[in-house]
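A short worksheet on the structure shown next.
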Amino acid sequence: MEFAKKYIASPEQKTIKIFTCEGCKQSVEQKELTIPIGPMKGERVIANYGCKCEDLELAEQALQASFLQKQRKLKLNFDYYSLINESLKRATLENFESINAGLHEAKQKVLSYIDSFDKKQNLLFTGSYGTGKSHLSVSITKKLMEQGYECLFLSLPKLLTKIKQTYNKEGITEAELLQVIQRVDLLVLDDIGAEQRTAWSNSKLFEILDDRAGKSTIYTTNLNSRELKNHVSERNFSRMMERTNVIVMNGSDYRRREFKSDK
Ligand SMILES: Nc1ncnc2c1ncn2[C@@H]1O[C@H](COP(=O)(O)OP(=O)(O)OP(=O)(O)O)[C@@H](O)[C@H]1O
Ligand SMILES: [Mg+2]
Ligand SMILES: [Zn+2]
């Protein structure tokens, strides 16, 4: 067919029929023609003119390839800039076990958060140690990166240490890090309250929250709301609670589940 198309100017062509192609919805003229030169000279072939199916197929393939490339880039950037524990890197929504009603409810809230991500809401996971707050946060970033959103996961204590380090070392600079923090569609700020509380840490947190006004952020903490307010200062707390749904996750420590099988 490709070959035949090149001989569009052949005088010996005749129209067989004109129809609308089901694939591309274009009006297509089907012609019979004689190949004028080359090894197939004199042969009669049938060709469809006006059909855009091949072009559409190519365009679709190009789109898919560029989306895959985008997903890969998002994942690479996430791995490069995130400050996250090894054990959490494997966390997914699929391997999260809803072992009690509370966790089941938390997972449902997470699913609806992902579904309505474009509404630019924030989440605050609060509760005791090892209940899956960070696990669910990582899971959300994975699902959203599949959809093409740029995400970043930062443990706040690690971030503050990193910022201090980059003041006098090479590598990622504070300015670069802050730029990524400001840019991403979703930032997870993990373990708020585990960092040392100083005027400096509170002002860094303020800078981050202020830069991200209008964008989605997920917070996790062991602190209850009163403690959190005291820890981050009222000014930061008020920013953190704007458009924020709270998910309380209390219960037994998943990290220690193997040790509590005393019957
Ligand atoms: N329901 C669960 N199903 C599967 N794995 C879980 C579950 N809950 C926690 N885990 C795993 O247990 C470990 C601890 O969970 P995670 O880090 O999410 O707890 P956390 O609530 O963030 O605790 P902390 O308050 O100490 O930060 C992680 O490796 C996580 O993948
Ligand atoms: Mg955690
Ligand atoms: Zn077609």
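No lab work stands behind these numbers, since they all come straight from the coordinates. Here the structure is a predicted model, which means the values were calculated and not measured. We place every Cβ from the backbone using ideal geometry, glycine too, and count neighbours over all the protein chains shown.
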Local net charge near A65, Cβ-Cβ under 15 Å (Lys/Arg +1, Asp/Glu -1): +1
Rotationally averaged projected area of region 29-74 (alpha carbon convex hull; nm²): 4.8
Two-site FRET efficiency, Q30 against K70, from Cβ-Cβ distance with R₀ of 35 Å, rounded to 0.05: 0.35
Footprinting exposure proxy for R212, R235 (fewest neighbouring C-beta atoms within 10 Å first): R235, R212
In sequence order, calculated HN-Hα J values of region 77-91 (Karplus, 6.51, -1.76, 1.60; Hz; x Gly/Pro): 5, 4, 5, 6, 9, 5, 10, 8, 6, 3, 4, 7, 5, 8, 5
Percent breakdown of C-alpha pair distances by 10 Å bin, ordered from the shortest bin, for region 1-140: 9, 22, 18, 11, 11, 14, 12, 4, 0
Low-density loop cleavage sites - GluC sites (Glu not before Pro) in region 19-76, where at most 15 other Cβ are within 10 Å (DSSP): E22, E43
Hypothetical label at Y129: residues of region 84-105 whose amide nitrogen lies under 13 Å (7 Å Cα-Cβ projection): none
0 to 90° range, to nearest 10: angle between helix 174-183 axis and the chain longest Cα axis: 60
Dimensionless Rg ratio for region 75-259, taking C-alpha atoms and the 2.2 N^0.38 Å reference: 0.98
